[in-house]
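The values are calculated or read from the model by the stated rules, or taken from the named source; none is laboratory data. It should be emphasised that the depicted structure is a prediction, and the values quoted were computed from it without experimental measurement. Ideal geometry is used to build each Cβ from the backbone, glycine not excepted, and the neighbour counts take in all protein chains shown. These area figures cover heavy atoms from the full protein model, side chains too; ligands, DNA and RNA do not enter into them. Shrake-Rupley method; radii C 1.70, N 1.55, O 1.52, S 1.80 Å.
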Amino acid sequence: MSETITIAPEKKQADTGNSNKMLFAMVGIGLMCALLIVLTYEGTKPIIQKNKAAALEQAIFKVLPGTVTTSGYYWDGTAFTPLNGAAASGQLVYAGFSESGQLTGFALPAVGLGYAGEIRVLYGYDPAQEAIVGFYVLESKETPGLGDKIEKDPAFKANFEALSVAVGTDGNSLKNKITYAKSGEKQNAWEVDGITGATISSEAVTEALSTSTAEWVPKLYEAKEAFKPQTQSHE
């Protein structure tokens, strides 16, 4: 004969009560952690945005040699309009000017998909030279020692001292789109000499610049005379 074990109703109620208490405690801890994360994010958001803005401003001067003043613009669908402190959803462009007020070029952001995620860069375009004259990595999660060579490798960075983006005779496209070349095989002024061991990252940068310049360089080249310096200067 098998033995039947009966659990007293009082014990069942006690076990249920303990389980409910544990569940409520876990939910409460989870909610508190979520609240702390949100509060921390909201508290540090202005600081992060300020730091990003400062880094962007410094990068503009790095990618546009000879620049002492800058003015922000956005593409409104038909023309480049001054930012004047207003937020804009269109393509952003930063015009640079020399001490004498001459246009030194334009700084534009571009985004590519690398090995570990998005690579955000800023490049300088000089319409007088019809070339990219500067390059800076704003944000990257590429592998240290490999993919991050796009920020550090002197030979790779040298690609962007005079990378041809000449506008074609139709005025609406480039004579030659920027293309990727394997390390040591660059033959043309519009090619980017890649990095051995960081192929994906260097290809991502090439594609980002190729896409961005094909769309925006013809517009900027046509409108270059419309950009004038404003009053604020930067040390």
What number of residues within region 110-134 satisfy the criterion of being in contact (Cβ under 8 Å) with a residue 40 or more places away in the chain, part of a strand (DSSP E or B) and open to solvent by 30 Å² or more (accessible area, probe 1.4 Å)? 2
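How many residues does region 189-233 hold that are hydroxyl-bearing (Ser, Thr, Tyr), over 17 Å from residue 113 (Cβ atoms) and open to solvent by 20 Å² or more (accessible area, probe 1.4 Å)? Step through it out loud before you land on a result.
Let us first name the residues in region 189-233 that are hydroxyl-bearing (Ser, Thr, Tyr), namely 196, 199, 201-202, 206, 210-213, 221, 231, 233.
Retained after the next criterion (residues that are over 17 Å from residue 113 (Cβ atoms)): 196, 213, 221, 231, 233.
Applying the additional criterion that residues be open to solvent by 20 Å² or more (accessible area, probe 1.4 Å) yields 196, 221, 231, 233.
Total meeting the criteria: 4.
Scan region 135-156 and tell me whether some residue there is in a strand (DSSP E or B), buried (at least 20 other Cβ atoms within 10 Å of the Cβ) and modelled with pLDDT of 95 or more.
Yes, region 135-156 has at least one match.
Determine whether region 130-148 contains at least one residue that is aliphatic (A, V, I, L, M) and within 17 Å of residue 56 (Cβ to Cβ). Outline the logic, then answer.
Narrowing region 130-148 to residues aliphatic (A, V, I, L, M): 131-133, 137-138, 146.
Filter again for within 17 Å of residue 56 (Cβ to Cβ), leaving 137-138.
Yes; the residues of region 130-148 include at least one that is aliphatic (A, V, I, L, M) and within 17 Å of residue 56 (Cβ to Cβ).
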Report, by residue number, each residue of region 157-188 that is open to solvent by less than 40 Å² (accessible area, probe 1.4 Å), under 25 Å from the mean Cα position of the chain (by Cα) and within 20 Å of residue 128 (Cβ to Cβ). 159, 160, 163, 164, 165, 166, 167, 174, 178
